[in-house]
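Asker: Here's a structure for you.
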Amino acid sequence: MPPSQKALVPFVSVENMMRLVHAIGIETMLAELTDAIEADFVRWALFDKTPRVASHSRDGVIELMPTSDGETYSFKYVNGHPKNMGSGLQTVTAFGLLADVSTGYPVLITEMTLLTALRTAATSAMAARHLAPRDARVLALIGNGAQAEFQALAMKAVNGIDTVRLYDIDPRATEKTRRNLKNSGLRLIVCRSAEEAVEGADIITTCTADKQRATILSDNMVGAGVHINAIGGDCPGKTELHPDVLLRADTFVEYPPQTRVEGEIQQMPADYPVTELWKVIAGEAPGRREAGQITLFDSVGFAVEDFSALAYVRARLKDTGLCAMLDMIADPDDPRDLFGMLQRAQ
């Protein structure tokens, strides 16, 4: 007998994810993802929240990121291996799953290497929408690797950024980013140093990959009124900002128990004050209060953002044909007769 519908789970391959992005339009998708994540941050209290389960090694980290809103469950498998680039491999790869809480049956499996880049950029844009200076137009993008173009386009689509100042220690990465964005409508300025990149910037985004404590931004580089999206510091022992920057900034985070271990604030005392970003979005805490304020989104990535991205993709898949149906759940006619189903397959 053919498998039942319950046994078939929609699967979005890398090829179909790319087709979906192009069918929607990347800037439209980034804007819609931003709105989807923001809507879930408003209902933050409904979600299960736990720091991700991480397995660290000398070469990188492998993580599981689960959450549920009580009706739908999600998890993401993701790695972070900076040395991979030297072997021609991705630093970050991922896949994810949605399941129906009432039955436990999966309802979507998808690649999430591309989707994580999209949702990370959308989350940055969401934070900037609430924390960046009004009428911000210039983005400094320090670290021009796999995430760079997504960050730039999300800031353009959501926040109206029109100029991007690019810097990476590897000029080839900057040239790659410049080439990929040359027809984006953004004004691109290639810079020779991080100090040059931040000149005149309203928003500074740091997204480097080295797994170490680094000083990408020092205190003298950060002027009054700037918003910082710190993306690269996302595991123990890996940071990008000098502690003096944090002493001057009002810091916003996703989930404090995770960020205090993995984010920029791992450098600070346990009582270093932070504001949970969901409270700003829900109107329960202030974001940017004055023009001269330095705001910092200490972004490490949280499971609710993946949940939002997975749910968005599931909704957007309808009637597109951009998925395969995987026969992956044993679903015998008699749920007590799993062995009988196996026998009849001879």
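The values are calculated or read from the model by the stated rules, or taken from the named source; none is laboratory data. If you're wondering where the values come from, they're calculated on a predicted model, not measured in any experiment. Note: ideal-geometry Cβ built from the backbone for every residue, glycine included; neighbour counts use all protein chains shown.
Asker: From the residues in the range 52-90 that are out of contact with any strand residue (DSSP E or B) (no Cβ under 7 Å at 6 or more places or on another chain) and basic (Lys, Arg), which one is surrounded by the fewest Cβ atoms within 10 Å (Cβ to Cβ)?
Answerer: Residue satisfying both the conditions and the ranking: Arg58.
Asker: Cβ contacts < 6 Å: first residue closer than 14 Å to Arg179 by Cα, restricted to the range 139-167; second residue at pLDDT below 95, any location; separation 6+ or different chain. Result?
Answerer: Final answer for the pair search is Gly145/Ala209.
Asker: Out of Leu141, Leu97, Leu114, report the one residue that is touching a Leu at 6+ places or on another chain (Cβ under 6 Å), crowded, with 16+ Cβ neighbours inside 10 Å and not in a loop (DSSP other than H, G, I, E, B). Show your work before the answer.
Answerer: Values: Leu97 fails: touching a Leu at 6+ places or on another chain (Cβ under 6 Å); Leu114 fails: touching a Leu at 6+ places or on another chain (Cβ under 6 Å).
It is Leu141.
Asker: In this structure, is Thr123 touching an Asp or Glu at 6+ places or on another chain (Cβ under 9 Å) and not assigned by TED's automatic domain parsing to the domain that holds Gly160? Give the derivation first.
Answerer: On the way: touching an Asp or Glu at 6+ places or on another chain (Cβ under 9 Å): yes; not assigned by TED's automatic domain parsing to the domain that holds Gly160: yes.
Criteria met by Thr123.
Asker: Which number in (1) surrounded by 20 or more Cβ atoms within 10 Å (Cβ to Cβ); (2) of a type in the set (A, V, I, L, M); (3) farther than 26 Å from Gly60 by Cα marks the one condition that Leu247 misses?
Answerer: Exception for Leu247: condition (1).
Asker: Next question. In the range 182-199, which residue that is under 23 Å from Leu30 (Cβ atoms) and out of contact with any strand residue (DSSP E or B) (no Cβ under 6 Å at 6 or more places or on another chain) is surrounded by the most Cβ atoms within 10 Å (Cβ to Cβ)?
Answerer: Ser184
Asker: While we're here: What are the residues in the range 121-138 that are under 17 Å from Val164 (Cβ atoms) and surrounded by fewer than 24 Cβ atoms within 10 Å (Cβ to Cβ), if any?
Answerer: Pro133, Asp135, Ala136, Arg137, Val138 - these are the residues of the range 121-138 that are under 17 Å from Val164 (Cβ atoms) and surrounded by fewer than 24 Cβ atoms within 10 Å (Cβ to Cβ).
Asker: Now a separate question. Tell me which residues, restricted to the range 283-314, are of a type outside the set (Phe, Trp, Tyr) and under 21 Å from Thr239 (Cα atoms).
Answerer: Looking only at the range 283-314, we keep the residues that are of a type outside the set (Phe, Trp, Tyr), and these are 283-296, 298-301, 303-306, 308-311, 313-314.
Once the filter is applied, which keeps residues that are of a type outside the set (Phe, Trp, Tyr) and under 21 Å from Thr239 (Cα atoms), the range 283-314 yields Ile294, Thr295, Leu296, Asp298, Ser299, Val300, Gly301, Ala303.
Asker: Just to be sure, is Thr174 within 16 Å of Gln147 (Cβ to Cβ), at pLDDT 95 or above and in contact with a Phe, Trp or Tyr (Cβ under 9 Å, 6 or more places away or on another chain)? Can you show your working first?
Answerer: On the way: within 16 Å of Gln147 (Cβ to Cβ): yes; at pLDDT 95 or above: yes; in contact with a Phe, Trp or Tyr (Cβ under 9 Å, 6 or more places away or on another chain): yes.
It is true that Thr174 is within 16 Å of Gln147 (Cβ to Cβ), at pLDDT 95 or above and in contact with a Phe, Trp or Tyr (Cβ under 9 Å, 6 or more places away or on another chain).
Asker: So, one more: Answer yes or no as to whether Lys76 is modelled with pLDDT of 95 or more, assigned to a strand (DSSP E or B) and not β-branched (Val, Ile, Thr). Explain how you work it out, then say what you get.
Answerer: Details: modelled with pLDDT of 95 or more: yes; assigned to a strand (DSSP E or B): yes; not β-branched (Val, Ile, Thr): yes.
Against the criterion (modelled with pLDDT of 95 or more, assigned to a strand (DSSP E or B) and not β-branched (Val, Ile, Thr)), Lys76 qualifies.
Asker: Select, from Val222, Val261, the only residue that is among the hydrophobic types (A, V, I, L, M, F, W, C) and within 23 Å of Thr116 (Cα to Cα).
Answerer: Details: Val222 fails: within 23 Å of Thr116 (Cα to Cα).
Selected residue: Val261, the only one of Val222, Val261 that is among the hydrophobic types (A, V, I, L, M, F, W, C) and within 23 Å of Thr116 (Cα to Cα).
Asker: Among the residues of the range 36-59, which ones are in a loop (DSSP other than H, G, I, E, B) and farther than 20 Å from Ala127 by Cβ?
Answerer: Step one: filter the range 36-59 for residues in a loop (DSSP other than H, G, I, E, B), giving 43, 47-52, 57-59.
Listed by number, the residues that qualify are Asp48, Thr50, Ser57, Arg58, Asp59.
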